[in-house]
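Taking it in order: structure first as structure tokens, then the write-up.
The values are calculated or read from the model by the stated rules, or taken from the named source; none is laboratory data. Every value quoted in this text rests on a predicted model; they were computed, and no experiment measured them. Using ideal geometry, Cβ is built from the backbone for each residue, glycine included, and neighbour counts are taken over all protein chains shown.
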Amino acid sequence: MNAVVVDGLTHRFGEVTALDDVSFEVAESEIFGLIGPDGAGKTTLMRLLAGLLTPNGGQIELGGVDVLADPEAAKQKLGYLSQVFSLYGDLTIGENLDFVVEMFQEDRAVAAEAKQRLLEMTDLARFVDRQAGRLSGGMKQKLGLSCALIHRPQVLLLDEPTTGVDPLSRRDFWRLLADLPGQGVTIVLSSPYMDEAARCDRLALIDHGRLLATGTADELAARVKGTMLEVVSRDLPAVSAALAGAAELLGETTFGDALHVRWDGPDAEAAVLARLQAAGVAVQEVIEIEAGLEDAFVELVSTGGAS
Amino acid sequence: MRLMHLLRKEVLQMRRDPVILRMILIMPLAQTLLLSYAANMDVLHVPLLIVDQDRSPESRDLAARCTSTESVILRGYRGTVGEAEADLEAGRATLALIMPSGMARDLERGTATVQILADGSESTTAGVAAGYLSRIIAAFGIEAQTKQALRRGRQVKVGGMAAEPRVLYNPDLRTLWFMAPAVLALVLIVLMQNITSLSIARERELGTLDQLMMTPVRSWEVLLAKLVPVGVLGLVAASVVTMVVIHVIGVPFRGSAPTLMVSTVFFLFSVLGLGLLVSALSQNQQQAQLVSFFLTFPSMLLSGFIFPVWNLPALLKPFAYLVPMTHYLTIVRGTFLRGAGLGDLWVQLLGLALLSALFFITGAKLFTKKPA
Amino acid sequence: MSQPALVVTDLVRKFGDFTAVDHVSLEVQPGEVFGFLGPNGCGKSTTIKMICGLLAPTAGRIVVDGLDVATQAEAIRARLGYVAQFFNLYDTLTVRENLLFFGGVYGVPAGELEQRVDHWIDRLDLGGVAGQRAGQISVGLQRSLALAAAVLHEPVMLLLDEPTSGVDPVARRAFFEVIAELAASGAAVLVTTHVMDEAERCHRLSLMNRGRLVTEGTPTEIRALAGGSIWQVEVAPAGRALTLAESRADLSAVALFGTKLQYRVAEENGTGAPEAVAEWLREQGITTGPPKPVRPTIEHVFLQVLRDAPEEQP
């Protein structure tokens with residue numbers, strides 16, 4: 001059974017169509033990522049799923065419950081972690097958790113057990129009496145996650161959960177998420193980070209309110225045209241100049257001491273090397289690399305998903 | 001050059017904030033009308049009882065005169081002091097005039113005593129009304145003695161003894177006249193100090209202050225740029241309020257408009273300086289607003305707005321002169337009611353100038369240093 | 001050789017007992033994009049603020065373009081451009097008004113101001129929103145606006161504090177193209193980040209942890225610091241495979257990417273080790289594909305360096 005079914009979802013803010021006929025399904029115990037540029041409609045979609053907005057059209061089903069017909073029942077089934085820290089900074093970790101428990105009117109004994117389990121899982125037990133406002137970014141996220149999980153939801157919605165969080169804390173956070181599918185929790189998250197997107201089972205790419213593509217990270221990366229080459233040289237502007245104007249050149253991106261070149265032609269490595277040598281540009285290395293999710297993202301967004 | 005850019009930015013920002021603009025123009029008007037009438041201490045229709053135990057032509061004459069003022073309204077006659085006291089106790093009246101038997105006789109002999117009972121729980125109204133009555137009684141006594149003396153062909157010196165106070169400039173002691181100009185000052189303080197106290201705190205809260213201080217601007221330029229537009233609006237608001245005070249409330253304006261204008265500029269500078277100082281020292285808008293709010297209390301209590309400065313405890317008096325409102329009140333009341341000119345008010349103007357400089361320079365020095 | 005754009009020597013900043021920046025020294029040359037990496041709270045932003053003159057150092061020396069921050073702060077400000085971690089331009093002013101204002105206070109000559117503002121509006125694709133209030137444009141555009149405001153006066157040294165936090169890859173790419181151009185035209189750029197693909201775009205990197213600089217080098221040099229080799233293998237069921245891999249003391253950098261399990265094998269374990277791990281997983285009942293080598297990223301090195309550091313404090 002699908003944990004999330006979105007069908008023909010449309011939402012407008014005044015004249016602006018924030019979401020335009022979006023449909024997708026998320027299987028149970030899947031980690032599903034929504035990626036897209038700023039203003040693509042990711043947060044709107046998350047808020048619609050969370051029942052915080054009412055769509056202009058379309059259907060949303062969470063855990064078999066029609067969100068629009070029975071929003072209260074849907075709330076019990078979902079946990080939501082918003083983009084901005086939205087817990088009480090002047091309450092302690094424990095008090096924040098207790099507050100959520102009270103709001104969901106959970107059974108106290110069950111809730112106490114869940115609280116203890118989450119505190120141990122997130123390693124926050126040591127800091128239970130610390131005020132939430134005085135935690136580091138990574139720990140705030142863990143607390144937010146705990147609050148979203150304490151009523152044992154079937155679907156967890158995470159809106160850019162690790163924006164501004166450093167890689168170390170991000171890795172910890174993802175380690176926590178990795179255990180949830182095994183417990184039957186389905187995760188839908190949005191992220192601007194491609195390395196994070198790569199951790200999802202499946203992705204949906206959204207731009208201008210439209211769904212451009214869905215698939216695994218590999219499937220999306222495979223849609224990138226041409227061959228990706230990394231050219232390492234001390235004189236990157238000269239490399240750029242030598243390649244400029246070539247019909248096979250699909251794009252280039254500067255990476256500090258290297259240039260990533262996307263080349264649409266046979267025997268790309270040799271062709272590029274020959275062209276550079278002909279121009280008298282000294283290079284240390286030209287190697288083929290795998291196109292990443294980021295390349296796919298950039299290409300799909302710039303072509304409107306047509307590639 | 002840089003200052004022009006800063007000014008332009010402040011003006012643009014202010015234009016984008018319709019609430020502030022409306023506040024600056026409408027709030028002073030509403031406040032002035034409200035406060036002027038609410039703070040009006042004129043007393044009308046205080047319920048009065050009369051106990052006439054003398055029953056003489058004189059006592060009837062006095063009773064008639066006492067009830068002819070609008071300050072009191074006659075609730076009725078009572079036979080005994082006890083009955084009057086009971087009514088006062090029950091709140092049915094606030095004042096009682098007791099004329100003991102033998103009053104007329106005593107008056108003829110030289111001194112007569114009447115008694116006024118007042119409900120102390122209504123001390124202000126009762127006090128003011130009792131004051132009115134005392135003046136009527138005193139006048140009556142002198143008049144009666146004079147009449148008698150003349151009737152008997154004796155000479156009595158009365159003129160020098162006249163107890164009636166002559167009230168200058170505001171002969172009817174209309175508190176409205178006294179209050180309305182002061183309300184002008186209060187409204188300016190509350191509004192201007194609040195707006196400026198938010199200004200820097202807001203930039204600090206939003207983080208724009210960091211970005212601004214990363215540019216080569218100097219702190220005094222930032223302060224001045226924030227002060228000028230608000231000051232200009234303050235001057236507009238002050239003019240509007242002044243017009244209302246003169247033409248709607250009907251307070252006579254005896255001084256010169258330029259004098260009031262110049263003084264208002266000085267006053268605004270000091271108030272805005274204080275607002276900026278508060279803002280410079282606050283971490284966020286909430287803190288700034290709270291401090292600014294509490295700073296309006298000394299402006300009301302120490303400045304002579306309610307209690308005269310000469311009436312303050314000696315310990316507090318020096319502080320009164322640190323409050324810009326103290327100086328400005330003297331100026332406003334002086335120009336409105338007394339027609340005082342710059343020549344009479346230079347001490348106050350100097351006071352305002354010194355306070356402005358103090359606040360502004362301290363603000364400029366402190367605001368780059370973040371509160372820890 | 002031209003004079004360095006920035007020289008920081010033995011910089012220290014204490015907050016009470018806490019040493020936020022501990023004897024940091026670094027140099028940035030004109031034309032160089034210098035990346036400053038480190039976890040939250042490692043002292044990156046504190047260092048930037050001291051270079052900006054927004055915070056006084058406890059000890060140490062900062063020289064920008066030959067001028068000492070301690071004595072010539074005003075002169076230095078005109079040579080610095082600063083993009084803060086959070087959007088801090090005026091949200092009620094339009095994009096254009098913000099640029100005219102900042103150009104103006106930075107002392108861009110009145111005759112050139114309009115022209116430079118137009119140039120940057122055009123270069124950073126802000127034309128469509130030039131008349132909109134800065135508070136109402138998207139995060140990505142706000143970042144572009146902040147960058148434009150910081151470069152109008154052609155600073156010698158550009159300081160970027162996590163400039164693309166929360167920005168999507170398309171906008172991030174465009175942003176870094178502009179930064180590369182600025183560097184190419186001679187500006188020195190210091191950028192703090194913890195987004196690793198940004199780090200890859202710097203000429204030189206410095207990794208900071210707990211107030212100290214831990215390591216420094218070009219991205220290629222930093223990547224070379226990764227010990228052992230990193231491998232990736234398709235697994236099912238993924239969750240159980242992750243738990244199993246984590247239970248092995250000889251594996252590090254264990255992480256799950258969808259259905260792919262990543263792990264690092266230490267060099268001394270020999271060349272057969274990666275396959276041995278997959279074999280072992282199969283014995284435990286996990287379905288696996290063949291392990292494939294993964295090119296180490298700066299993030300791998302970053303996590304490796306930090307792994308041994310004392311645990312995170314709240």
note = Considering the range B:208-252, residues that are of a type in the set (Gly, Ala, Ser) and more than 14 Å from chain C (Cβ to nearest Cβ), and then whichever is nearest to residue C:99 (Cα to Cα), we arrive at B:231
inquiry  = Can you tell me which of (1) within 14 Å of chain C (Cβ to nearest Cβ); (2) crowded, with 21+ Cβ neighbours inside 10 Å is the one residue B:180 doesn't meet?
reply    = (1)
note = Condition set loosely packed, with under 14 Cβ neighbours inside 10 Å and part of a strand (DSSP E or B), scope the range A:259-288, selection farthest from the other protein chains (Cβ to nearest Cβ): answer is A:288
remark   = Within the range A:135-168, the count of residues that are more than 16 Å from the chain's Cα centre (by Cα) and either among the basic types (Lys, Arg) or facing chain C (nearest Cβ under 8 Å) (or both) comes to 9
inquiry  = Tally up the residues in the range A:184-202 that are more than 9 Å from every other protein chain (Cβ to nearest Cβ) and either at negative phi or surrounded by 19 or more Cβ atoms within 10 Å (Cβ to Cβ) (or both), please.
reply    = 9
query = Is at least one residue of the range A:144-161 without any contact (Cβ under 8 Å) to a residue 12 or more places away in the chain, on the phi < 0 side of the Ramachandran plot and of a type in the set (A, V, I, L, M, F, W, C)?
reply = no
Positions within the range B:321-336 being of a type in the set (A, V, I, L, M) and buried (at least 20 other Cβ atoms within 10 Å of the Cβ), in sequence order = B:323, B:325, B:329, B:331, B:332
request  = Name the strands (runs of 3 or more DSSP E) wholly inside the range A:207-258 in which the number of residues that are under 30 Å from residue A:43 (Cβ atoms) and in contact with a Leu (Cβ under 7 Å, 6 or more places away or on another chain) is 2 or more.
outcome  = A:210-215
Candidates C:252, C:247 - the one that is loosely packed, with under 14 Cβ neighbours inside 10 Å and hydroxyl-bearing (Ser, Thr, Tyr) = C:247
Complete set of residues in the range A:162-179 that are without any contact (Cβ under 8 Å) to a residue 40 or more places away in the chain, outside any helix (DSSP H, G or I) and either β-branched (Val, Ile, Thr) or closer than 21 Å to residue C:243 by Cα (or both) = A:162, A:165
inquiry  = Kindly evaluate residue C:216 against the criterion of being within 10 Å of another protein chain (Cβ to nearest Cβ), farther than 30 Å from residue B:13 by Cα and not in a loop (DSSP other than H, G, I, E, B).
reply    = no
query = Is there a residue being touching a Phe, Trp or Tyr at 6+ places or on another chain (Cβ under 8 Å), assigned by TED's automatic domain parsing to the domain that holds residue C:178 and of a type in the set (Phe, Trp, Tyr) anywhere in the range C:99-107?
reply = yes
query = What are the pairs, 6+ residues apart or on separate chains, where a residue within the range C:77-100 that is closer than 18 Å to residue B:213 by Cβ and small (Gly, Ala, Ser) has its Cβ under 7 Å from a residue that is at pLDDT below 90 and in a helix (DSSP H, G or I)?
reply = C:84/B:210; C:84/B:211
query = Within the range C:204-212, is even one residue more than 17 Å from residue C:147 (Cα to Cα), surrounded by fewer than 17 Cβ atoms within 10 Å (Cβ to Cβ) and outside the structural domain of residue C:82 (by TED's automatic domain parsing)?
reply = no
remark   = Apart from one, (1) crowded, with 21+ Cβ neighbours inside 10 Å; (2) more than 8 Å from every other protein chain (Cβ to nearest Cβ); (3) in a helix (DSSP H, G or I) all hold for residue C:140; the odd one out is (2)
